[in-house]
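Undergrad: Please see the structure below; I have some questions.
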Amino acid sequence: MALMGRVALVTGGAQGIGRAAVEALMRSAAKVSVVDVNQDCGDACKSELDAEFGGGSCAFIQCDVTDGDALRADAFQKTADMFGRLDIVINNAGINNEKNWEKTIGVNLTSVIKGTYLGLEHMSREYGKQGGTIINVSSMAAFMHSPHQPVYTATKHGVIGFTRAMADASVLGNYGVRINVLCPAFVDTPLLHSVEEEDNMGKFVKFKEDFKRTMDKFGVLQPSLIADGMMRLITDAALNGAVMKITCSKGIHFHTYEPMSA
Ligand SMILES: NC(=O)C1=CN([C@@H]2O[C@H](COP(=O)(O)OP(=O)(O)OC[C@H]3O[C@@H](n4cnc5c(N)ncnc54)[C@H](O)[C@@H]3O)[C@@H](O)[C@H]2O)C=CC1
Ligand SMILES: CCCCC/C=C\C=C\C(=O)C/C=C\C/C=C\CCCC(=O)O
């Protein structure tokens, strides 16, 4: 489905899964704002995308998603001003840091909540806007409770709970915004190499051989498949509150929940 004239904002879009999503969106003719804390990586990403797709279809905005004021003014407002609207938000930026675990909560959970609320300010009918769609990136870690990454796991559980609650709020409030969550298994990106580093893993670094065995057991996905899943969440108008899982064994599929009984 062509997204001609649509505008997307992708946090953590300069590399890895976010970068693959940016490319998929641009191939579908969307205009994309790449929001990332890494200036060098963002500059390189913008040059490469301009060379491939021509100038004017993407912008790089250097922004730390944990800085709420910058996220509002430099990322969301500038994107809307530059491209005239906002239709798609992908809250993807994430880190793996068990040593500085409070930062992990800040990036992986608090900033996803802020990004969702800002997305609603720019897209929800509540604010007189035209509607849109939000994808929040969680992880299969939310289903594994892996001993190597307790705080990372907690943030990814939180992203699922928040997203499902907000998806229901969107229906109740007639926001016109679909809100879904994506849970990839291991993906071949720089983040995956962080498990080798004591600076990232803290005391859990001693489990790194066990982690590698887990990776060998479940396999490693390519970012392009995760971008395919995102495009499905963006284009399938029936999906709201969906929890999409992507694994080597089952590919793209959905988590199902038992209905609540009284
Ligand atoms: N790689 C994997 O195996 C999996 C990753 N995920 C999730 O996917 C998302 C993307 O991860 P990857 O692409 O693998 O990571 P990555 O490390 O390759 O890319 C993350 C991007 O986010 C940016 N970023 C980090 N902190 C930021 C901040 N404070 N403000 C703005 N940008 C920031 C980085 O500069 C980088 O460009 C994360 O939420 C991660 O938890 C989920 C499941 C598996
Ligand atoms: C286990 C330590 C990981 C350290 C952090 C690095 C990367 C994070 C990756 C993820 O978010 C994914 C984590 C776990 C889920 C992986 C695979 C589950 C596959 C289940 C299945 O195939 O059925």
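The values are calculated or read from the model by the stated rules, or taken from the named source; none is laboratory data. All of these numbers come straight from a predicted model, not from anything done at the bench. When we count neighbours, we look across all protein chains shown, and the Cβ atoms used for this are built from the backbone with ideal geometry, even at glycine. Keep in mind that these areas ignore ligands, DNA and RNA; they rest on the heavy atoms of the full protein, side chains included. Shrake-Rupley method; radii C 1.70, N 1.55, O 1.52, S 1.80 Å.
Undergrad: Of all residues in the range 167-196, how many are closer than 18 Å to Ala93 by Cβ, open to solvent by less than 40 Å² (accessible area, probe 1.4 Å) and either away from ligand 2 (no atom under 16 Å from the Cβ) or part of a helix (DSSP H, G or I) (or both)?
TA: Count: 4.
Undergrad: Right, another one. Look through the range 10-55, keep the residues that are in a strand (DSSP E or B) and within 21 Å of Val112 (Cα to Cα), and return whichever of them is farthest from ligand 1 (Cβ to nearest atom).
TA: Val32
So that you can scan it fast, the table gives a plain yes or no per residue for (1) at positive phi; (2) surrounded by 23 or more Cβ atoms within 10 Å (Cβ to Cβ); (3) of a type in the set (D, E, K, R):
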site	(1), (2), (3)
Ala2	no, no, no
Gly5	yes, no, no
Ala8	no, yes, no
Thr11	no, yes, no
Gly16	yes, no, no
Leu25	no, yes, no
Lys31	no, yes, yes
Val37	no, no, no
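Undergrad: Then there's this: Out of the residues in the range 152-166 that are open to solvent by 30 Å² or more (accessible area, probe 1.4 Å) and either acidic (Asp, Glu) or touching a residue at least 24 places away in the same chain (Cβ under 8 Å) (or both), state the one that is farthest from ligand 2 (Cβ to nearest atom).
TA: Step by step, filter the range 152-166, then rank; the result is Arg164.
Undergrad: Would you pick out the residues in the range 146-195 that are in contact with a helix residue (DSSP H, G or I) (Cβ under 7 Å, 6 or more places away or on another chain) and of a type in the set (Val, Ile, Thr)?
TA: Val151, Thr153, Thr155, Val159, Ile160, Val177, Ile179, Val181, Val187, Thr189, Val195
Undergrad: Something else now. For the range 119-132, how many residues are open to solvent by 10 Å² or more (accessible area, probe 1.4 Å) and within 19 Å of Leu182 (Cα to Cα)?
TA: 1
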